[in-house]
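Novice: Would you mind keeping the following structure in view while I ask a few things?
The values are calculated or read from the model by the stated rules, or taken from the named source; none is laboratory data. These numbers come from a predicted model, not from an experiment. Every residue, glycine among them, receives a Cβ derived from its backbone with ideal geometry; neighbour counts consider all protein chains shown. For the accessible areas, the whole protein counts, side chains as well, though only heavy atoms, and no ligand, DNA or RNA atoms are used. Shrake-Rupley method; radii C 1.70, N 1.55, O 1.52, S 1.80 Å.
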Amino acid sequence: MERAEAYGFSGVMSGAFLLSCLLFAAISRRQRGPYMDEVFHVPQAQAYCHGHFLQWDPMITTLPGLYLLSVGVVKPAAWLLGWTGSVVCSVGMLRFINLLFSAGNFYLLYLLLFKIHQKNKAVSGFQRILSALTLATFPTLYFFTFLYYTDPGSVFFTLFSYLMCLYGNHKTSALLGFCGFMFRQTNIVWTVFCAGNVVAEKLNEAWKIELQKKKDEKISSRKGSFSDLTRILQFLVEYLLSPKNLVALTALTWPYIMLVSLFFVFVFINGGIVVGDRSSHEACLHFPQLFYFLSFTVFFSFPHLLTPAKIRKFLLSLRKHPVQYGLITVISLFLIWKFTYVHKYLLADNRHYTFYVWRKVFQRHDLVKYLLVPFYIFAGWSFADTLKSKSIFWILMYLVCLLAVTVPQKLLEFRYFILPFLIYRLNIPFLSLYRQLLELAFYILVNAVTFYLFLNRTFQWENSDEVQRFMW
């Protein structure tokens, strides 16, 4: 990192943290008590603060990573600063933990952008800083910086694990992955993703050697024709069935294998992934979640995905391969027909954006969910097109993890899309400066609207005196 870039990044990060602190103060003044899921998280953390580590709220569905870390930070700080009484582990103090995680996420996002795109000499330091700032203010994540939720900490440890993986520190990566798992069980998928990065790198090296042996320059691991994909899949099967290759890959990925093994032991002992209340978190094959994720990604990455050039390129591809797209359309319609689920929370809780998306779009008519298929196909094509700089093995590995983290979820919840979106966004090429500024301005606008609604457009339910607020 050059000195000017280091100073620039430090200045931007400090400024962003100061503004976040001011916003944090405003939100804490308006919403002093626990709100939404905080009514479960805050008392649980406070019980740990008082040393009651065997006390557990059965409504909590995640492991106690957030509460353990909160006690580990707040208690020493209280001792050093002489805090006593209710200020220790108060709602505001616990929420401040996530403000620290947010600053950490900003730094990690910058380091990841630097590492992933280090070979691209055309990318300037200013562009890296701008992209890190944009992703640090990603609306769905940034909102929960100011509440006591698991999301900022979950993202922090997952991104840190990914960074260590890219630098080859796999034991450290697996340890950080365990911390992420303690914040949210589904983060085990991103441990598999880190192991998959190692495997994809080795596969790509072996594939290049294979191409050289056959002296066939027409075959490339980055081309998308059906014949190329068939050859690649055949190579993949042969490579992974080789005992020698399996031993070599196991030697490289054993820290991740141990963590995944520990996860399966946990699932066996616990009787499932969810701890506490499982009635509202049933796993199912909800394939349309992939379509919702693609739509979510197009919305938040429209400068990357929704451009006139991409639309023209897609239409050209559509004209060249009508049979393939016809088959994809039929499969998509079938998946929507047979595997669409509507969670009771989605229909009942009018405090979330998803409630209004579902009511204003999908509930207008039974046919709407089918009429959106052409948009889903374009979104999927554009999504894949932006990843063409990655090897086919990396793309296959990421796709498997994306399906694993989205499809089993019955509830349409935008928070579940945060990590797969960030991983995707980190790995696509940089845009022009103009489009980067457009993306940042859009994020700031969405955040401004969300915080305005949360703070000022309150309402009440008929059967409750509690003030209700709009949120993600």
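Novice: Among the helices (runs of 4 or more DSSP H) lying completely within segment 366-416, list those that include at least 1 residues that are small (Gly, Ala, Ser).
Specialist: Working: elements: 368-371, 373-386, 392-406.
Because the criterion is at least 1 residues that are small (Gly, Ala, Ser), the helices (runs of 4 or more DSSP H) in segment 366-416 that meet it are 373-386, 392-406.
Novice: Determine whether Leu66 is in a helix (DSSP H, G or I) and closer than 23 Å to Ser279 by Cβ. Give the derivation first.
Specialist: Details: in a helix (DSSP H, G or I): yes; closer than 23 Å to Ser279 by Cβ: yes.
The answer is yes for Leu66.
Novice: Which residue pairs have Cβ atoms closer than 7 Å, lie 6 or more positions apart in sequence or on different chains, and pair a first residue in segment 283-307 that is more than 18 Å from Glu439 (Cβ to Cβ) and assigned to a helix (DSSP H, G or I) with a second residue that is of a type in the set (Ser, Thr, Tyr) and open to solvent by less than 20 Å² (accessible area, probe 1.4 Å)?
Specialist: Close Cβ pairs (under 7 Å, with a partner that is of a type in the set (Ser, Thr, Tyr) and open to solvent by less than 20 Å² (accessible area, probe 1.4 Å)) amount to Gln289/Thr406; Leu290/Thr406; Phe291/Tyr376; Phe293/Thr406.
Novice: Here is a follow-up. Check off (1) farther than 16 Å from Arg415 by Cα; (2) in contact with a helix residue (DSSP H, G or I) (Cβ under 7 Å, 6 or more places away or on another chain); (3) not basic (Lys, Arg) for Val123 and give me the number that stays unchecked.
Specialist: Every condition holds for Val123 apart from (2).
Novice: Next question, about the same structure. Taking into account only those residues within segment 141-155 that are of a type outside the set (Phe, Trp, Tyr) and closer than 21 Å to Val39 by Cβ, which is farthest from the chain's Cα centre (by Cα)?
Specialist: Leu147
Novice: Now, a different point. Name the residues in segment 363-375 that are charged (D, E, K, R) and open to solvent by less than 90 Å² (accessible area, probe 1.4 Å), would you?
Specialist: Correct list: Lys369 only.
Novice: Can you name every residue in segment 319-335 that is open to solvent by less than 70 Å² (accessible area, probe 1.4 Å) and more than 29 Å from the chain's Cα centre (by Cα)? It would help to see each step written out before you state the result.
Specialist: If we filter segment 319-335 for residues that are open to solvent by less than 70 Å² (accessible area, probe 1.4 Å), which is where we start, we get 325-326, 329, 332-333, 335.
Selection gives Gly326 alone.
Novice: In this structure, does Leu246 turn out to be within 24 Å of Ile423 (Cα to Cα), touching a helix residue (DSSP H, G or I) at 6+ places or on another chain (Cβ under 9 Å) and assigned to a helix (DSSP H, G or I)?
Specialist: Numbers: within 24 Å of Ile423 (Cα to Cα): no; touching a helix residue (DSSP H, G or I) at 6+ places or on another chain (Cβ under 9 Å): yes; assigned to a helix (DSSP H, G or I): yes.
It is false that Leu246 is within 24 Å of Ile423 (Cα to Cα), touching a helix residue (DSSP H, G or I) at 6+ places or on another chain (Cβ under 9 Å) and assigned to a helix (DSSP H, G or I).
Novice: Now for a separate question. Restricting attention to segment 288-312, report how many residues are open to solvent by 60 Å² or more (accessible area, probe 1.4 Å) and either closer than 23 Å to Phe183 by Cβ or touching a helix residue (DSSP H, G or I) at 6+ places or on another chain (Cβ under 7 Å) (or both).
Specialist: Residues meeting the conditions: 1.
Novice: Right, here's the next one. If a residue has to be open to solvent by less than 70 Å² (accessible area, probe 1.4 Å), assigned to a loop (DSSP other than H, G, I, E, B) and either touching a residue at least 12 places away in the same chain (Cβ under 8 Å) or touching a Gly at 6+ places or on another chain (Cβ under 8 Å) (or both) to count, how many in segment 424-468 make the cut?
Specialist: 4
Per-residue answers, yes or no, for (1) open to solvent by less than 60 Å² (accessible area, probe 1.4 Å); (2) at pLDDT 85 or above; (3) not in a helix (DSSP H, G or I):
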residue: Thr191; (1), (2), (3): yes, yes, no
residue: Val198; (1), (2), (3): yes, yes, no
residue: Asn204; (1), (2), (3): yes, yes, no
residue: Glu217; (1), (2), (3): no, no, yes
residue: Ile269; (1), (2), (3): no, yes, no
residue: Asp277; (1), (2), (3): yes, no, yes
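Novice: Let me ask something additional. Quick check on this structure: which one of Lys344, Lys360, Lys410, Lys388 is closer than 20 Å to Tyr325 by Cα and open to solvent by 20 Å² or more (accessible area, probe 1.4 Å)?
Specialist: Lys388
Novice: Scan segment 219-250 for residues that are modelled with pLDDT of 75 or more, open to solvent by less than 50 Å² (accessible area, probe 1.4 Å) and of a type in the set (Val, Ile, Thr) and jot them down.
Specialist: Of everything in segment 219-250, just one residue is modelled with pLDDT of 75 or more, open to solvent by less than 50 Å² (accessible area, probe 1.4 Å) and of a type in the set (Val, Ile, Thr), namely Ile232.
Novice: Residues in segment 1-18 that are under 13 Å from Leu100 (Cα atoms) and open to solvent by 30 Å² or more (accessible area, probe 1.4 Å): how many?
Specialist: Quick first cut of segment 1-18, residues under 13 Å from Leu100 (Cα atoms) only: 13-14, 16-18.
The next check asks that each one be open to solvent by 30 Å² or more (accessible area, probe 1.4 Å); those that pass are 13-14, 17-18.
Summing the residues that are under 13 Å from Leu100 (Cα atoms) and open to solvent by 30 Å² or more (accessible area, probe 1.4 Å) in segment 1-18 gives 4.
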